[in-house]
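Below is one structure, written out as structure tokens; comments come after it.
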Amino acid sequence: MDFIQELKTQTQNALTDLYTIEKVEINFEQTNPNFEGDFTFVVFPYLRYSKKKPEDTAAEIGEYLREKVKEVSNYNVVKGFLNLELSDTYWISVASEISNNGLRIPALVKNQKVVVEYSSPNTNKPLHLGHIRNNVLGYSICKILEANGYDVIKNNLVNDRGVHICKSMLAWQKWGNGETPESSGIKGDHLVGKYYVEFDKHYQKQISELVEGGTDKDLAKNEAPLMKETRQMLQQWEEGKQEVLSLWKKMNGWVYDGFDVTYNRLGVSFDKIYYVSDTYLLGKELVQEGLESGVFFQKDDGSVWVDLTSEGLDEKILQRADGTSVYMTQDIGTADLKFNDFGMDKFIYVVGNEQDYHFKVLQLVLKKLNKPYADGLYHLSYGMVDLPEGKMKSREGTVVDADELMEEVVGAAKSQTEELGKTEDMNEEELTNLYETLGIGALKYYLLKVDAKKRMMFDPNESIQLQGDTAPFIQYAYTRIASLLRAADSSDFEMPDNLNEEEKSLIVLMNNYPNAVHAAATHYNPSEIANAVYELAKAFNKFYHEHSILGAKENSTKQFRIALSKAVGETLKHGFSLLGIDMPERM
RNA sequence: GGCCUCGUAGUUCAAUGGAUAGAAUAGAAGUUUCCUAAACUUUAGAUCCAGGUUCGAUUCCUGGCGAGGCUACCA
């Protein structure tokens, strides 16, 4: 890392000495593999100072650097590209450093606290594929921020109250016959989801009956008896009616038991859980505050609004005419609650991009309220997950259930492992763990290798595939290393005489890994880790194929290769830990 | 209608404004007396269209065309 600094300093010196260029931003990039060299400096921007041809300018700087920087063993010039070649000695010292001191990720920040809100489920139905992307992404971001020096609070805001839960409750009351998870053998969240579907079935029927009777469709939606009953139930909930509250507690309990199983299998966890039932009234005082200070305004009917037209948005309601709050009000209050609880420097919302507008407004409102933490808000806006047949629609039953999906990928890992027949001596428990590690790993990797911000296609058939750019590919490279280390008697680093191409590329990739960890944090994007780790695993497989490690002729070569392999293994494992994916020792 | 994303090999994804646009998968052809072939090698195949800025554009700007999202006193 500091070598690059040194290189930049010397390059600046070169520009100053040769062309009297004052301080500029110096950038090096990795040399394109199609060309000879390690780092490349592009000289085009400096031609107007040097007043020479690109080739000559690059050559002059190259000559300067070769003389001044001992690690630069040679250079070549292609058009305006100065390709610096570094000595093997330098790369060997990098390998030695990593091998002896372990993987080091320099902290990006100090004493920075960040609250990451993710998952945030509704408690009326089980989790689906979209939630999996959210959870896996949120968890990974937490790990990545931690690795960069942040103090992270993993936070879940459970939406446990509202019309949607009342629908499930009502349907259960009417048609449940006292069914419980125990009596039915159905996982709690799925059972509650079943009644949510049941509600909708009857509700749709009522609507169409009303519409046939000549009622307007929108009106019918509101006037359907079931909807009236639901609203009444919500009303009773707010009034604290005992019977409703106890049913609510019972059914939410079922859901939490179910979620725990799903979260556990998915390997995600939280440090702090908020429940909307506790927080939904928050924010009203802040709305009043804003009204008094004049940043909000009131309409004739008494509703409170914020005018964001000067920011290019429109007017947004913050409180209904009847004094009740809306989503935005609650989020204002919850942001304040978070700040009171944690005093965080940053707070991140892992929420789908259909809420881009909402979070833009939220941040503007917090700024208008002069909240000191407003600038620390970041909406990690991830794209929707599409299926090959199109969008997921719960109404049309095309949602991919989280539990079923996990079962499927683990099952695929099992059958493929059995087919290969390499694990016959493993016991039942080891095998079960292995299938989970492979299957859940494959699923997570599939979701994380894509840029978080982009919408992505989820092909179920492809997700259970375990070859190519997949978690098992990387896990396989790791188990090869683990197997080597079991067979090796020592993994102490020894200086080799020189480096072959494959060894060098492993060192280069490992040297670059901390940059990927930084970039992943800066961009809130785990896929940068996934890509880095994949490249490394691929390079290792090639190295492994081309060269004998334990059978190397020279003992020093053998020791070097073992130590190098060990460092690769540690890097792969580190990267996977940031993605929330386990590594098997055998497969 | 207004606002916001996104258009890259058959398919799914990469590419701080840099060189000859990378992978994976599907296709074709190979590699195992040798540390795990879930691997490795070779091969064919792409920047939606038209302008502009730039020494240089997949990347930035404008206009088309196409896909998606938001545009609720729902959360």
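Would you confirm whether or not the range A:331-342 contains a residue that is surrounded by 14 or more Cβ atoms within 10 Å (Cβ to Cβ), over 30 Å from A:Asn111 (Cβ atoms) and touching a residue at least 12 places away in the same chain (Cβ under 8 Å)?
Checking the range A:331-342: not a single residue is surrounded by 14 or more Cβ atoms within 10 Å (Cβ to Cβ), over 30 Å from A:Asn111 (Cβ atoms) and touching a residue at least 12 places away in the same chain (Cβ under 8 Å).
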Matching residues in the range A:18-58 - criterion: being away from RNA strand B (no atom under 14 Å from the Cβ) and either exposed (fewer than 12 other Cβ atoms within 10 Å of the Cβ) or in a strand (DSSP E or B) (or both): A:Thr20, A:Glu22, A:Lys23
Any hit, the range A:417-425, residues being outside any helix (DSSP H, G or I), farther than 28 Å from A:Gln355 by Cα and among the acidic types (Asp, Glu): yes
Which numbered condition A:Phe297 misses (of (1) modelled with pLDDT of 95 or more; (2) not in a helix (DSSP H, G or I)): (1)
Spans of helices (runs of 4 or more DSSP H) in the range A:147-233 with at least 3 residues out of contact with any Phe, Trp or Tyr (no Cβ under 8 Å at 6 or more places or on another chain) and free of Cβ contacts under 8 Å to residues at least 12 places away in the same chain: A:181-184, A:188-212, A:217-223
Test: residue in the range A:63-75 that is of a type in the set (S, T, N, Q) and closer than 21 Å to A:Glu503 by Cβ: yes
Filter result for the condition that a residue is over 15 Å from the mean Cα position of the chain (by Cα) and within 10 Å of RNA strand B (Cβ to nearest atom), over A:Leu377, A:Leu420, A:Leu387: A:Leu420
Checking A:Leu247 against (1) of a type outside the set (Asp, Glu); (2) modelled with pLDDT of 95 or more; (3) part of a loop (DSSP other than H, G, I, E, B), the condition it does not meet: (3)
Any pair with Cβ under 6 angstrom, 6 or more apart, that starts in the range A:414-428 at a residue that is within 11 Å of A:Arg586 (Cα to Cα) and ends at one that is in a helix (DSSP H, G or I) and within 9 Å of RNA strand B (Cβ to nearest atom): A:Thr423/A:Thr417
Members of the range A:137-152 found to be away from RNA strand B (no atom under 15 Å from the Cβ) and either surrounded by 22 or more Cβ atoms within 10 Å (Cβ to Cβ) or within 15 Å of the chain's Cα centre (by Cα) (or both), listed by number: A:Gly138, A:Tyr139, A:Ile141, A:Cys142, A:Lys143, A:Ile144, A:Leu145, A:Glu146, A:Ala147, A:Asn148, A:Tyr150, A:Val152
Odd one out for A:Leu431 among (1) within 23 Å of A:Tyr476 (Cα to Cα); (2) of a type in the set (A, V, I, L, M, F, W, C); (3) not in a helix (DSSP H, G or I): (3)
Scope the range A:442-498; condition exposed (fewer than 13 other Cβ atoms within 10 Å of the Cβ), of a type in the set (A, V, I, L, M) and near RNA strand B (Cβ under 7 Å from one of its atoms); matching residues: A:Met457, A:Ala487
Residue that is surrounded by the fewest Cβ atoms within 10 Å (Cβ to Cβ), among those in the range A:533-584 that are in a loop (DSSP other than H, G, I, E, B) and within 7 Å of RNA strand B (Cβ to nearest atom): A:Gly551
Selection from the range A:286-334 of residues that are among the aromatic types (Phe, Trp, Tyr), within 10 Å of RNA strand B (Cβ to nearest atom) and over 21 Å from A:Glu238 (Cα atoms): A:Trp305
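If you go through the range A:91-114 one residue at a time, do you hit one that is more than 20 Å from A:Asp260 (Cβ to Cβ) and assigned to a strand (DSSP E or B)?
Checking the range A:91-114: at least one residue is more than 20 Å from A:Asp260 (Cβ to Cβ) and assigned to a strand (DSSP E or B).
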Subset of the range A:270-315 [loosely packed, with under 14 Cβ neighbours inside 10 Å and of a type in the set (Ser, Thr, Tyr)]: A:Ser293, A:Thr309, A:Ser310
Residue in the range A:163-170 that is within 16 Å of RNA strand B (Cβ to nearest atom), in contact with a strand residue (DSSP E or B) (Cβ under 8 Å, 6 or more places away or on another chain) and modelled with pLDDT of 90 or more present: yes
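The values are calculated or read from the model by the stated rules, or taken from the named source; none is laboratory data. Every value quoted in this text rests on a predicted model; they were computed, and no experiment measured them. Cβ atoms come from the backbone with ideal geometry, glycine included; neighbour counts cover every protein chain shown.
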